[in-house]
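The values are calculated or read from the model by the stated rules, or taken from the named source; none is laboratory data. All figures in this text were calculated on a predicted structure; none of them were measured in a lab. When we count neighbours, we look across all protein chains shown, and the Cβ atoms used for this are built from the backbone with ideal geometry, even at glycine.
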Amino acid sequence: MDTQETKVYIAALIAAGVLGIILIYFIITMIRQQRKTQRLNLEKIEAEIRTLEKERKRIASDLHDDLGPLLSAIKFKINAVDLINDDDKLLIENASQHIDDTLNRVREISFDLMPNTLIRKGLVQTLEEFIPKMEKLVSLKIHFTHKDINELPTEMTINIYRIVLEIINNTVKHSQANNLVIQLTKPGKKIVLLTSDDGIGFDYEKKKEENPGLGLKNLQSRAEIMHGELLINTQRGKGVKYSIEIPLL
Amino acid sequence: MLSYNVAVILGYSVLIPAIIGLIRFSQINTAYQPFILFCVLDVFNHTLSVVLINVYHANTINSNIFILIEAVLFVILFRNWGVFKRRSVVFYLMLAVVALFWIIDNLIWHQLNTINSLFRIFYSFILIFLSIEQMNVLISSAKKNLLYNSCFLICCGIVIFYSYKATIEVFFLIKLKASISFYSSIFIILIFVNLFVNLIFGWAVLWIPKKPKFISPH
């Protein structure tokens, strides 16, 4: 190379160095931005779900602790009225029955919002109580099995419970399935929730493009805030399988 | 000055992603298979170039054909990653434009046995733009560390390598009245960038996800 060529070559080398620095900076910025976006997103979802659960707990507590005793007191007072007229007695009996129905409904709503057993007795027992009740209401046989699920952190318990409920709800509403298998296990330092139904399934990609639905987003959000991974396996006519792996940190 | 033999050996760094890719080929997500195919074909093209340079002192014909295959495989790879989602017409249009530009540059404006930089610069830009598009999607959708995300790593490799390739091809395009030694020295930059990018590709192939029995909803 002559002097002129050497100068051009050095200029090219410097340009290559500058380009390299720009590219590396560009990539590092992207990685940092992704981490930031991911963290903010997770914090946002976490805050939303925490607020939601807090509100549910408050409403459940208000219903169970305030409205329940109030209705019981009303019933007690009505029953204490001494009546002579048979028509009036019948009216009071009917009113008392309505109050009983209302009380039961209040308990049900309170349970749906935040089951007491979930905090007191844990996930497995709550699901074992909930599933037979659900089976009475719908034509779906739920096969629930569990292994090594002992005490879990409260937030994780609530989130897994909501995920199971959402899956049951989705199965009842959309799958036309007769059977739903739910397996909850703890292989090593993670919780694995596997579910599968024998329903009609769906075309996931098509569904995702049209409208993924709130249910699926809820499942995903709850899995994400537990740093878990939600995976779906479905095809038309082949049922739906969910796999959720949650690390025990 | 880097010796020819060292340049040949460094060029074989593409064996790293190719071998890892072939070992994992049956297990990996089929969307990534065009990339593995590209790495294997790159090894084949490199070997062919070495043979042809030794026998005929030229590797332009095979290189010119290989860049067309390379461009098509990468466009298919980006299609598999969903860059053309809901815009399948754009995918076919892009393939057609790439093929048309290659024909014009290599068969009409120039000949197949000359170094035709115009198409090289053109497809480098296309691959860089597609990579940036995909990287932008990954910033908001990827849930795990991007340093273990094979799609992101491959895009990084493409942006780095083809930025240099497009820049260096400019020297060949404008045909400076410079010595062969000067052009060889310029080409050495690309050899080292190629080595770096092949190491990134090797790392990326290690992290290619397995065939999905389950779909991740994002």
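Brief remarks on what is shown
- Test: residue in the range A:198-210 that is within 13 Å of chain B (Cβ to nearest Cβ), under 16 Å from the mean Cα position of the chain (by Cα) and in a helix (DSSP H, G or I): no
- Close pairs (7 angstrom Cβ cut-off, 6 or more residues apart or separate chains): without any contact (Cβ under 8 Å) to a residue 60 or more places away in the chain in the range A:65-90, surrounded by 11 or more Cβ atoms within 10 Å (Cβ to Cβ) and part of a loop (DSSP other than H, G, I, E, B) anywhere: A:LYS89/A:LEU83
- Matching option when the condition is at pLDDT below 95, crowded, with 22+ Cβ neighbours inside 10 Å and more than 10 Å from every other protein chain (Cβ to nearest Cβ), among B:ASN116, B:ASN198: B:ASN116
- Answer residue from the range B:119-148, given it is in contact with a Phe, Trp or Tyr (Cβ under 8 Å, 6 or more places away or on another chain) and facing another protein chain (nearest Cβ under 9 Å) and is nearest to B:ASP105 (Cα to Cα) among those: B:MET135
- For the range A:45-62, a residue qualifies if it is surrounded by 13 or more Cβ atoms within 10 Å (Cβ to Cβ) and more than 13 Å from the chain's Cα centre (by Cα), and the qualifying residues are A:ARG56, A:LYS57, A:ILE59, A:ALA60, A:SER61, A:ASP62.
- Residues (at the interface with chain B (Cβ under 10 Å from one of its Cβ atoms) and either aliphatic (A, V, I, L, M) or not in a helix (DSSP H, G or I) (or both)) located in the range A:29-57: A:MET30, A:ILE31, A:LEU42
- Number of positions in the range B:162-174 that are among the aromatic types (Phe, Trp, Tyr), facing chain A (nearest Cβ under 9 Å) and under 13 Å from the mean Cα position of the chain (by Cα): 1
- Matching entry among A:LEU249, A:LEU180 (being part of a strand (DSSP E or B) and more than 14 Å from every other protein chain (Cβ to nearest Cβ)): A:LEU180
- Among the candidates A:PHE130, A:PHE144, A:PHE202, the residue that is modelled with pLDDT under 90 and farther than 19 Å from A:GLU108 by Cβ is uniquely A:PHE202.
- Where a residue in the range B:142-163 is under 14 Å from B:VAL197 (Cβ atoms) and modelled with pLDDT of 95 or more and its partner, wherever it lies, is surrounded by fewer than 20 Cβ atoms within 10 Å (Cβ to Cβ) and of a type in the set (Asp, Glu), with Cβ under 7 Å and at least six apart: none
- Residue among B:PHE129, B:PHE101, B:PHE78 that alone is closer than 24 Å to B:SER13 by Cβ and aromatic (Phe, Trp, Tyr): B:PHE78
- Of the residues A:GLN220, A:GLN235, A:GLN176, A:GLN183, the single one that is under 20 Å from A:PHE130 (Cα atoms) and either of a type in the set (S, T, N, Q) or out of contact with any Lys or Arg (no Cβ under 8 Å at 6 or more places or on another chain) (or both) is A:GLN183.
- All positions within the range B:175-192 that are in a helix (DSSP H, G or I), within 8 Å of chain A (Cβ to nearest Cβ) and of a type outside the set (S, T, N, Q): B:PHE182, B:ILE186, B:ILE189
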